[in-house]
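Student: Starting off with a structure, shown below.
Computed from the coordinates by the stated procedures, all read-outs in this text should not be read as laboratory data. Not measured: the values here are computed from a predicted model. Cβ placement follows ideal geometry from the backbone for every residue including glycine, while neighbour counts extend to all protein chains displayed.
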Amino acid sequence: MSSSLFSALSGLQAHQSWIDVIGNNLANSNTPGFKSSAATFSDQFARTLQYASGPGTGRGGRNPVQIGLGVRLADTSHNFSQGALTRTGRTFDVAMQGNGFFAVSNGVQNLYTRVGTFGLDALHQLVDQRTGFPVLSPTGQPIEIDTESLLAPNATTSARLSGNLPKVVTGPLPEVLTASSAFAQGSPAQLTSSNSGPFTIPAGETWTMRVTVAGGAPQTVSVTSVTGSVTATDIATAVDALDDVSATVNGSGQLEITTDRAGENVTLKVSSGSTGRDLAALTGLSTALVSGSQTDATSTTDLSELPGNVVDYIAGDRIHVTGVDADGTAINAEFTYGAGNDGTTVDDFVNFVDALYAGATVTMDAAGKLTVESDTAGESGLQLSLLDDSSNTGSVDWTTYAMAVTTEGTASDEVSTSMEVFDSAGVAHTMTMTFARQQDGSWSLTPSLSSADGSVLSGSISGLLFDDDGAPLGLAGVDPTVQVQFAGQTSPQTITFDLGSDGAFTGLTQFGSEGEVFVREQDGYGVGELASMSVDADGMILGLYTNGKTQDLGQMGVATFVNPEGLQLVGNNLYSQTVNSGAVNLGVAEVGAAGSVIGGSLENSNVDTAEQFVALIQAQRGFQANARVITAENEVLRDTVNLI
């Protein structure tokens, strides 16, 4: 009978142990990094009343008859599933995301924990604040963090530039003067009568016609007969009295009317006179509009053949040339017409004027127009004016060739940016970089410093070219280095500019947008003090300094085990290695099986409270059932005693 008592007793003991496990889980439901445990039961040895027998002749086999002797607590296993993370914002509160433990040392052995409530002590050691144990690095050494030393400065040796230089050219442009009309070799408009004189007109009668030159006001030609007829010469004399036109009688006795001016813009029209007294009809002059003609001027075209010519020049006629050179120098000269003088042709005249301008070039362009172009880009006060001398026999209407500015002189297209550069002592200097477009379309880069900061010893970086797509071209042939002498330094400093790569759009470009260049990065910095710290995912402790730079100050080690459930709890959320946990692998987070380190956070307990309460009910019912067995056995024993 006593076996049932002992079986029930083992059940009470086992379920009490289970309740102990559940109680411990619930007690640590808010303990950071706590890993819940689970109880596992197994039965005790059984009492065999009859062993099994195999089947025989005329008899079948029989199973063993056994009665169990109770239950025992076989195992309490740890649940190492990931707990939720809570953000604390404290630098050295760190949590493990994934596999692994932080390693600390008590001076005798290494211990391991999932709870990274760390901090610095007076000796700059990173320690576990619960125990004071030093935190270990991946090499197993205590971590010391230097929070007092300054970060040494670094001199600027390179800078990477990016941005756009504008494709559209607005400068540099030289100022250009261009004549309003082209030089040409012109012919006048001309009409020839179909009838020859003399012409019969009754004595005393006046006959008329009208002549219009170049679209001007009609001019009336009147001829009065005295003898009953007029000659072609009489009519030519009357036409000669008009403006801008002349008339002659050819060898056939025909009247020829010719405009004084030549060229395709000159027109001539004869209109009928009074009805019945029409000179145009009498002489057989066409009333259709006729125009002069012209061809491109050549170097041998005579000045008297220009469309603007009014009266042919003769030797000794003078043309006044006045103007202003590109540098502001006044020009005042006279061109004397004639083979023995300054010349007679367009080429002679252009060469004469060109020689007067030291800072500009005078040519006849492809369209035949006289041009004056400054030899240098930029704003200029170029002027050129032509005028015949009042005593000349010949003349040209030079207003036809009036010079006007067709291209305003502009300075170079410029794009500027600046950056802070550092000398070897960490002193900051402001360097200005000016990109300027050259007259050949390339760009130059000119760095400069204020006199207080120092001076640039080398010249400009020149020859920056771009292809049609706007990508750099030929950078291999460009020397991107500059030498600067900073104030207070004895030796010059070399800085290399990274301007991009040929055919790529990673550095400088030349697109149609506005110009804007910026410094993407430069490698110099001044001295820095530690401003703050943070912990990276690989356990690296980073120091952020006042100069904007970061530096590695140390690294937390992460320990992994083949069987983490084989670790032994030693209190304070610490575990120690056992023979069944496997060898420790102390290394770097995010390498191999190690998880990542989350700075500014702590891992919560992974206890599921609802699950624990359900288990508590089960344990309580199991305990009650075993207690009932003892009560029943007690009643049986009492009845047995009462049998005597």
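Student: Of the peptides 432-438, 304-310, 510-516, 59-65, how do they stack up when ordered by the mean number of other Cβ atoms within 10 Å, highest first? Write down the numbers at each step before the final one.
Tutor: Values: 432-438: 19.4, 304-310: 21.9, 510-516: 14.7, 59-65: 10.0.
Output ranking for 432-438, 304-310, 510-516, 59-65: 304-310, 432-438, 510-516, 59-65.
Student: Let me ask something else about it. What number comes out for the charge environment of Met540, summing +1 per Lys or Arg and -1 per Asp or Glu over other residues with Cβ under 14 Å away?
Tutor: -4
Student: Please compute the modelled spin-label separation between Ala627 and Gln190, points set 7 Å along Cα→Cβ, answer in nm with one decimal.
Tutor: Distance between label points: 14.5 nm.
Student: About the Cα centre of segment 297-414, how large is the charge dipole given +1 on each Lys and Arg Cβ and -1 on each Asp and Glu Cβ? Please answer in debye to the nearest 20. Working shown, then result.
Tutor: On the way: 2 positive and 21 negative charges, 58 e Å.
The dipole magnitude comes to about 280 debye.
Student: Please compute, over every Cα-Cα pair in segment 504-644, the percentage with a separation greater than 22 angstrom. If you can, show how the numbers build up before the last one.
Tutor: Details: 7165 of 9870 pairs.
Within segment 504-644, distances greater than 22 Å cover 73 percent of Cα pairs.
Student: Something else now. So what is the relative contact order for the chain, in percent, with contacts set as C-alpha pairs under 8 Å and at least six apart?
Tutor: Numbers: 1611 pairs, mean separation 138.2, N = 644.
So the answer I get is 21 percent.
Student: Sticking with this one: Run the helix sum for the chain: -39,500 (n - 2.57) per DSSP H stretch of 4+ residues, divided by residue count, reported at 222 nm to the nearest 500 deg cm²/dmol. It would help to have the intermediate numbers written out before the result.
Tutor: Working: 5 runs with 85 residues, N = 644.
Calculated from helices alone, the mean residue ellipticity at 222 nm is -4500 deg cm²/dmol.
Student: Of Thr231, Ile201, Gly263, which is farthest on the positive side of the dipole of segment 199-354, counting Cα position, with +1 on Lys and Arg Cβ, -1 on Asp and Glu Cβ, and the Cα centre as origin?
Tutor: Ranked along the dipole, the leading option is Ile201.
Student: Local charge sum around Thr345 (other residues, Cβ-Cβ under 10 Å, Lys/Arg +1, Asp/Glu -1)? Walk me through the intermediate numbers first.
Tutor: Numbers: positive: none; negative: Asp302, Glu305, Asp347, Asp348.
The answer is -4.
Student: Note down the relative contact order for segment 173-410 as a percent, whole number, built from C-alpha pairs under 8 angstrom at least six residues apart.
Tutor: On the way: 639 pairs, mean separation 66.8, N = 238.
It comes to 28 percent, rounded to a whole number.
Student: Hey, got the dipole for segment 173-410? About the Cα centre, +1 on K and R Cβ, -1 on D and E Cβ, debye to the nearest 20? Intermediate values should be presented prior to the final figure.
Tutor: Details: 6 positive and 30 negative charges, 263 e Å.
About 1260 debye.
Student: Output the antiparallel fraction of DSSP beta bridges having both residues in the chain, as a percent to the nearest 5.
Tutor: Working: 149 of 156 bridges.
Around 95 percent of the beta bridges assigned by DSSP in the chain are antiparallel ones.
Student: Roughly how far apart, in whole Å, are the Cα centres of segment 591-626 and segment 126-191?
Tutor: 55
Student: Shifting gears a bit: Label-point separation (nm) for Ser17 and Leu569, each offset 7 Å from Cα along Cα-to-Cβ?
Tutor: Roughly 1.5 nm, to one decimal.
Student: Right, next: Only counting other Cβ atoms within 10 Å, I'd like His429, His124, His15 sorted with the fewest neighbours first.
Tutor: Working: His429 21, His124 14, His15 24.
With the fewest neighbours first, His429, His124, His15 line up as His124, His429, His15.
Student: Would segment 173-410 count as rounded, prolate or oblate if I go by the C-alpha gyration tensor, calling it rounded below 1.5 in a/c and otherwise prolate when a/b exceeds b/c, oblate otherwise?
Tutor: Values: a/c = 3.29, a/b = 2.68, b/c = 1.22.
Prolate.
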